[in-house]
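I have placed the structure first, in the form of structure tokens, so that the comments after it can refer back to it.
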Amino acid sequence: NAPILTVENLGVRFSVKRGGTFGKRAFLYAVDDVSFSVNKGETLAIVGESGSGKTTAALAVARLVEAYTGHVNLDGHDILNMDGEDLRQARTKVQFIFQDPYSSLNPRQRAEDIVREPLDSLTDTTLSEQREIVDKLFSAVGLRPEQRRLFPHQFSGGQRQRIGIARALATQPELIICDEPVSALDVAVQAQILNLLRDLQTEFGLTYLFISHDLGVVQHMSDAIAVMYMGKIVEHADRLSLFNNPLHPYTAALLSAVPSVDSKRRAETKRILIPGDPPDPVNLPKGCRFANRCPVAQDICRQSEPELIDRGEGHRVACHLIDNTKTPLL
Ligand code: SF4
């Protein structure tokens, strides 16, 4: 399966002021030298805490924030070097499903107009063509035709997210970025929406970049997973490798908090607590960014930054103490 999205050495930084009115400006490197690819028809999950840079990386892929360095290639298009009409066309190929279906839908627009809006602004389709597409999308996401004329407040949270999904599908994008698409929903509704996303992926061959803070949510959703910490990818592997053999201590800690459906495994898994707080993102330490919280940190960890290295079969990890034997540390 060929990659439809390739991201190389992506960097996004924000200028921030430190120390009150007369403070100096400094850079916060929100995304730092991030590289990954997503195969057509597959799902790459990017997982991390808030502040890890996962959402900023996704926004940069869609040019909704500007990267200062790197390359983004979507289906043969060099996204970061486009402007004008070329960029408008490229934008039809990337669509978002947002976290909060309450705030991401215009309360004064009817459901059919919300779904039709990207067709109107990004394509040259006629009104009758747009209405036909909206009909099909309503059916695809499990909404009834008579709900087309309703406003967002007349839908439940799960139904509102179905409207958001239909809107994202409208322009037949090459890539759909799902930014925490179920974290604002009740647990029972979460499963329905995740199943819908999977069914739509099978039916239409969709490619997802799935952003989440929760490895539990992505465990049935992803083909591959990249774990981010403080702007960097610290581990990246196919789903089974990552779940069965998490190598980076941060990934191991995140995974230990995911309840297993397998009772034997649940009994065997001990919770790994991560002490302390992440370092100041504007004043990062010299070595590994996880060193002040890592239970197995050594001197070398505080001296040099570990590179993200492929330890075999595409299992990449950024940790000084992991070698090609892929022996977990925790
Ligand atoms: Fe821990 Fe060192 Fe590995 Fe960083 S490089 S995760 S501090 S062992």
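The values are calculated or read from the model by the stated rules, or taken from the named source; none is laboratory data. Computed from a predicted structure; not experimentally measured. Methodologically, a virtual Cβ is constructed for each residue, glycine included, from the backbone with ideal geometry; neighbour enumeration extends over all protein chains shown.
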- Filtering region 269-327 down to residues that are of a type in the set (A, V, I, L, M, F, W, C), in contact with a Lys or Arg (Cβ under 9 Å, 6 or more places away or on another chain) and outside any loop (DSSP other than H, G, I, E, B), which residue is farthest from A226 (Cα to Cα)? I309
- Task: Please indicate, with yes or no, whether at least one residue in region 245-258 is within 13 Å of the ligand (Cβ to nearest atom), of a type in the set (G, A, S), farther than 17 Å from G51 by Cβ and not in a loop (DSSP other than H, G, I, E, B).
- Result: yes
- Task: Of all residues in region 65-102, count the ones that are assigned to a strand (DSSP E or B) and under 21 Å from E180 (Cα atoms).
- Result: 4
- If you go through region 255-272 one residue at a time, do you hit one that is closer than 21 Å to I97 by Cβ and modelled with pLDDT under 95? no
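Using the structure shown, decide if T269 is β-branched (V, I, T) and within 15 Å of the ligand (Cβ to nearest atom).
So T269 fails the test.
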- Say whether the condition of being surrounded by fewer than 17 Cβ atoms within 10 Å (Cβ to Cβ), modelled with pLDDT of 90 or more and basic (K, R) is met by at least one residue in region 30-42. yes
- Message: Cβ contacts < 9 Å: first residue under 17 Å from N245 (Cβ atoms), restricted to region 300-318; second residue part of a helix (DSSP H, G or I) and not basic (K, R), any location; separation 6+ or different chain. Result?
- Response: E313/S241; G314/S241; H315/S241; H315/L242; V317/T251
- Inside region 281-311, can you point out the residues that are more than 7 Å from the ligand (Cβ to nearest atom), under 20 Å from S35 (Cβ atoms) and modelled with pLDDT of 95 or more? R289, S304, E305, E307, L308, I309, D310, R311
- Message: Restricting to region 173-206, count the residues that are within 24 Å of K93 (Cα to Cα), in contact (Cβ under 8 Å) with a residue 60 or more places away in the chain and among the polar types (S, T, N, Q).
- Response: 1
- Among the candidates V72, V115, single out the residue that is within 28 Å of V12 (Cα to Cα), touching a helix residue (DSSP H, G or I) at 6+ places or on another chain (Cβ under 7 Å) and at pLDDT 90 or above. V72
- Query: Does F22 fit the bill of being aromatic (F, W, Y) and out of contact with any strand residue (DSSP E or B) (no Cβ under 7 Å at 6 or more places or on another chain)?
  - Reply: yes
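Rundown of residues vs (1) surrounded by 13 or more Cβ atoms within 10 Å (Cβ to Cβ); (2) of a type in the set (D, E); (3) out of contact with any helix residue (DSSP H, G or I) (no Cβ under 7 Å at 6 or more places or on another chain), yes/no style:
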site	(1), (2), (3)
T125	yes, no, no
S139	no, no, yes
G142	yes, no, no
E146	no, yes, yes
H153	no, no, yes
R160	yes, no, no
P173	yes, no, yes
I176	yes, no, no
- Message: Please determine whether any residue of region 161-183 is touching a Lys or Arg at 6+ places or on another chain (Cβ under 6 Å) and in a helix (DSSP H, G or I).
- Response: no
